[in-house]
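Enquirer: Structure in structure tokens, see below.
The values are calculated or read from the model by the stated rules, or taken from the named source; none is laboratory data. None of the values given here were measured: they were computed from a predicted structure. Here the Cβ positions follow ideal geometry from the backbone for every residue, glycine too, while neighbour counts run over all protein chains shown. With ligands, DNA and RNA removed, areas are computed over all heavy atoms of the protein, side chains included. Shrake-Rupley method; radii C 1.70, N 1.55, O 1.52, S 1.80 Å.
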Amino acid sequence: MAEYEMILTEVEGRVAIIRLNRPKALNALCDQLMDELGQALRGYDADPGIAAIVITGSEKAFAAGADIKEMQGRSYPAIYLDDFIGKRWEAVTYVQKPVIAAVAGFALGGGCELAMMCDIILAGDNAKFGQPEINLGVIPGAGGTQRLTRAIGKSKAMELILTGRMMDAAEAERANLVARVVPAAEVVAEAVKLGEKIGTLSAPSVAIAKEAVNRAYETTLAEGVKFERRLFQSLFATADQKEGMAAFAEKRKARFENR
Ligand code: CO8
């Protein structure tokens with residue numbers, strides 16, 4: 001197992017938990033932390049013993065954004081030419097397995113953007129989401145203007161992004177940014193439970209379902225529906241489809257073998 005300084009990793013059953021761990025900086029997402037996160041994600045994605053990945057922070061902060069102090073002095077040519085900065089932030093979007101963000105406390109700026117790159121957001125009841133970059137003389141730079149707008153709609157996204165206002169967990173649930181709100185102390189356990197539930201199902205179906213849902217963001221309805229139909233048809237090549245449907249007909253629990 002790799003040695004990390006800014007994240008903690010553990011495995012519960014078939015669920016990997018990656019905990020962002022820079023408590024003194026409210027988990028500000030500096031380059032090293034994002035590199036370690038990417039490395040851990042790639043490792044768990046390739047590990048057949050892992051069914052789902054949970055990303056979390058502390059009870060005070062999921063992450064208070066990109067590291068402002070690290071960014072502060074960068075020049076335009078330097079930040080433009082270092083395209084790796086952008087690539088480093090995209091690691092979550094390349095993971096095939098389900099990634100669940102368990103958010104307690106602040107999820108601001110890049111922290112909110114990181115949560116939105118995950119497949120499901122579970123919020124602790126103390127969670128606060130926002131894109132406060134406008135207060136720093138910039139705008140969101142890791143997908144916030146795009147993913148927040150798709151998640152909660154234009155008017156509310158504009159209000160949050162143009163003013164930097166934070167939204168609490170209840171408002172985030174009403175706005176459909178998060179799947180569910182649970183007590184903050186239980187958010188990781190709930191996310192693990194969710195990951196374990198997904199882990200009992202057929203891994204090819206889960207990965208393909210994730211791919212199909214994500215396609216909804218990228219294409220027209222007609223193309224998306226066609227894409228879904230092809231993926232649906234392709235699942236009839238799996239043993240898990242035969243097992244799943246036989247188990248239903250025989251009134252027993254399916255035993256998926258992920259093939
Ligand atoms: N970066 C660096 N340090 C931070 C950050 C941050 N984003 N957030 C908090 N810290 C540090 C503080 O400087 C402080 O450090 P120190 O003790 O050394 O002074 C420590 O964490 C604790 O913070 P506070 O004392 O401020 O704690 P409070 O409880 O008073 O306030 C807040 C909590 C409201 C969360 C406050 O810390 C805050 O406003 N933080 C900044 C939030 C913010 O503006 N986030 C957006 C950052 S910009 C961004 O995310 C752009 C992403 C684009 C990425 C593009 C890549 C291609």
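Enquirer: Got a sec to turn the phi values of region 178-191 into Karplus ³J(HN,Hα) couplings, 6.51 cos²θ - 1.76 cosθ + 1.60 with θ = phi - 60°, whole Hz, x for Gly and Pro?
Expert: Along region 178-191, the couplings run 10, 6, 6, 10, 9, x, 3, 5, 9, 5, 5, 4, 5, 5 Hz.
Enquirer: Taking Cα centroids, how far is region 140-193 from region 42-109 in Å?
Expert: Distance between centres, Cα-based: 16 Å.
Enquirer: What whole number of Å gives the distance from the Cα centroid of region 2-33 to the Cα centroid of region 227-242?
Expert: 36 Å
Enquirer: Taking the dipole about the Cα centre of region 7-199, with the C-beta of Lys and Arg at +1 and of Asp and Glu at -1, give me whichever of Ser155, Ala101, Ala169 is farthest to the positive side.
Expert: Farthest towards the positive end: Ser155.
Enquirer: Counting only DSSP beta bridges with both residues in region 7-199, what percent are antiparallel, rounded to the nearest 5?
Expert: 25 percent
Enquirer: Then there is this: Count charges around Met34 for me, please; just the other residues with Cβ under 12 Å from its Cβ, Lys/Arg as +1, Asp/Glu as -1. Before the final figure, lay out each step's value.
Expert: Details: positive: Arg22, Lys87, Arg88; negative: Asp31, Asp35, Glu36, Asp67, Glu70, Glu90, Glu113.
Result for the neighbourhood of Met34: -4.
Enquirer: Compute the convex hull volume of the Cα atoms of region 202-250, divide it by the residue count, and report the result per residue in Å³ as a whole number.
Expert: Cα convex hull per residue, to the nearest whole number: 67 Å³.
Enquirer: Less than 12 Å Cβ to Cβ from Phe256, Lys/Arg counted +1 and Asp/Glu -1: what total charge do the surrounding residues give? Walk me through the intermediate numbers first.
Expert: On the way: positive: Lys242, Lys253, Arg255, Arg259; negative: Asp240, Glu243, Glu257.
For residues surrounding Phe256, the net value is +1.
Enquirer: For the chain, what % of the accessible area comes from carbon and sulfur atoms, probe 1.4 Å?
Expert: Working: 7940 of 13980 Å².
Roughly 57 percent of what the probe reaches on the chain is carbon or sulfur.
Enquirer: Please list, or write none, the lysines whose alpha carbon is within less than 29 Å of the alpha carbon of Lys253, excluding same-chain residues fewer than 8 places away.
Expert: The reachable lysines, counting only those whose Cα sits under 29 Å from Lys253, are Lys97, Lys193, Lys197, Lys210, Lys242.
Enquirer: While we're looking at this one, here's another question. Enter the accessible area per residue of the chain (Å², integer; probe 1.4 Å; all protein chains in place).
Expert: Values: 13980 Å² over 259 residues.
Value for the chain: 54 Å² per residue.
Enquirer: Just want to confirm a number: the relative contact order over the chain, from Cα pairs under 8 angstrom separated by 6+ residues, in percent.
Expert: That works out to 16 percent.
Enquirer: Something else now. Where the Cα atoms of the chain are projected onto their three principal axes, how long is each span, largest first, in whole Å?
Expert: Projected onto its principal axes, the Cα set of the chain covers 63, 43, 39 Å.
Enquirer: Oh, and also: Quick check on the chain: helices-only [θ] at 222 nm, where DSSP H runs of length 4 and up contribute -39,500 (n - 2.57) each and the sum goes over total residues. Nearest 500, please.
Expert: That calculation yields -13000 deg cm²/dmol at 222 nm.
Enquirer: To the nearest 0.05, what FRET efficiency results for Tyr80 and Leu235 with a Förster distance of 45 Å applied to their C-beta separation?
Expert: 0.55
Enquirer: I need the phi-derived Karplus couplings for region 218-232: 6.51 cos²θ - 1.76 cosθ + 1.60, θ = phi - 60°, integer Hz, Gly and Pro marked x.
Expert: Running phi through 6.51 cos²θ - 1.76 cosθ + 1.60 with θ = phi - 60° gives 10, 9, 6, 4, 4, 5, x, 5, 5, 4, 4, 4, 4, 5, 4 Hz.
Enquirer: Determine ³J(HN,Hα), in whole Hz, for all residues of region 248-259 in sequence, where each value follows from phi through the Karplus function 6.51 cos²θ - 1.76 cosθ + 1.60 and θ = phi - 60°; x replaces Gly and Pro.
Expert: The phi angles translate into 4, 5, 8, 6, 9, 7, 6, 10, 7, 10, 6, 8 Hz.
Enquirer: Excluding Arg22 itself, calculate the net charge of residues whose Cβ lies under 11 Å from the Cβ of Arg22, where each Lys or Arg counts +1 and each Asp or Glu counts -1.
Expert: -1
Enquirer: About its Cα centre, what dipole magnitude does the chain give when the only charges are +1 on Lys and Arg Cβ and -1 on Asp and Glu Cβ, stated in debye to the nearest 20?
Expert: 800 debye
Enquirer: Once both labels are modelled 7 Å past Cα along the beta-carbon direction, what's the Thr219-Leu136 spacing in nm?
Expert: With each label placed 7 Å out from Cα toward Cβ, I get 3.6 nm.
Enquirer: With no solvent and one equal point scatterer per Cα, compute the Debye intensity ratio I(q)/I(0) for region 101-243 at 0.12, 0.13 Å⁻¹ and report its log10, rounded to two decimals.
Expert: The calculated log intensity ratios at q = 0.12, 0.13 Å⁻¹ are -0.58, -0.67.
Enquirer: Compute the relative contact order of region 1-116 as a whole-number percentage, counting only Cα pairs closer than 8 Å that sit 6 or more residues apart in sequence.
Expert: Here the relative contact order equals 31 percent.
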